[in-house]
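Report on the following structure.
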Amino acid sequence: MSLTLAICLYNAEEHIKETLECIIAQTMQDFHLLIVNDCSTDGSIAAVEEFFTLHPRQYELVTLEKNGGIAKARNFAISHARTKYFLFIDSDDLLEPTLVEKEFRTISQDKDLIGVSCWNDFIDKRGKKIQGGTFLGEKTKEGFIDKASRKKLIFLPIHTIFDREYAIKAGSICIEGFPEGRPRYQDFCEELDMWTRMSDFHKEGKAIITLPEVLYHYRKSDGLSSNHFNMIIKMRYTKRNNKLRRNGEKELTFVEFYNTLTEKEIKSLQRDAKAADSLRNGVFYLKRKSIFMAAWEVMKSIYYRPGYIFDKLTHNFIKKK
């Protein structure tokens, strides 16, 4: 057995059984199933145990000593595993029966691949398909190496199978150097830093590619949005460190990075966040047929950052040819 499939679980009682149904329906079952419980306070663990009583299968359940957030849970899972390859699945998402088989077959047949991903679309809370998806990632090794050599950030979804040894060499998921308390900045875009660090191995001819096929269904939460600032500032931090690292300079902790930001830079990032929040809120109102509120939120998004809507359409709605 050379693959660990891990689910980091926190209060996912509502959807975990549906996700586990997708796991046991995979056409490839030769993997170690690891479930990391980040101190759930609902009935998640009872749901897991009941599921496997009805559908017997090997699985390992580890409960952390205290709740530490998704980044810490994922970092633990990577270090706890003992297999060559590793794959995360979110506890409320759905996957096609061939996802594991297709990603594993691709990565295991090419020694130059240290990661293989795929496209995903979006579903709502009830599991119904909605507009949009993530259609990112280079389809060829040559394309990836070219992108990595230009010091670009590597945006990939969490359901990317990867070589655990190279992830550990790259530092896994960074959880050090962040301020105590909330917001937990380490929990935002936590995998972006790892993929980007792993891209440093392009110098050794290593690559991460994406299968241009929707094999994963990402569940989008309902409700109004107001947290894009934390995501945007985390991405800016990752971008800064990527440039420093590639230039042979000392990287910054998140606290050090935040302290270097000027008031003007923070205000600019806040405008970016407001544009993102407003656009998402516009979609929220549109689904509820509140046309006036939807139009108002979209106009606010354009006011805060005119190009944001175009970027969103390019990256999340238009499939690469």
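The values are calculated or read from the model by the stated rules, or taken from the named source; none is laboratory data. Every value quoted in this text rests on a predicted model; they were computed, and no experiment measured them. For neighbour counting, all protein chains shown are included, and Cβ atoms are generated from backbone atoms with ideal geometry for every residue, glycine included. The protein model used for the area step is the full one, side chains on, heavy atoms only, and it has no ligands, DNA or RNA in it. Shrake-Rupley method; radii C 1.70, N 1.55, O 1.52, S 1.80 Å.
The table below gives the values:
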{"item": "Gain upon complete extension [Glu265, Met1; 0.36 nm per residue less C-alpha separation]", "result": "90.2 nm"}
{"item": "Cβ-derived FRET efficiency at R0 45 Å, Lys289 paired with Arg245, nearest 0.05", "result": "0.40"}
{"item": "Ranked by how many other beta carbons lie within 10 Å on average, peptides 54-64, 190-200, 78-88 from highest", "result": "190-200, 78-88, 54-64"}
{"item": "GNM result for the chain, Cα springs below 10 Å: residue of Ile123, Ile309, Ile158 fluctuating most strongly", "result": "Ile309"}
{"item": "Residues Lys66 and Phe155, FRET efficiency given R0 of 35 Å [Cβ-Cβ distance, rounded to 0.05]", "result": "0.70"}
{"item": "Listed residue pairs exceeding 28 Å between alpha carbons, taken from Lys220/Lys274; Lys66/Lys267; Lys206/Lys264; Lys152/Lys289; Lys250/Lys300", "result": "Lys66/Lys267; Lys206/Lys264; Lys152/Lys289; Lys250/Lys300"}
{"item": "Additional length obtainable on full extension of the chain from Asp30 to Phe310, 0.36 nm per residue less Cα span", "result": "96.6 nm"}
{"item": "Calculated FRET value between Lys84 and Tyr258, using beta carbons and R₀ = 30 Å, to 0.05", "result": "0.25"}
{"item": "Surface share of carbon and sulfur [accessible, 1.4 angstrom probe, percent] for the range 170-278", "result": "49 percent"}
{"item": "Ranked packing of 243-254, 96-107, most packed first, by mean Cβ within 10 Å", "result": "96-107, 243-254"}
{"item": "Gap separating the Cα centres of the range 260-316 and the range 228-254, nearest whole Å", "result": "23 Å"}
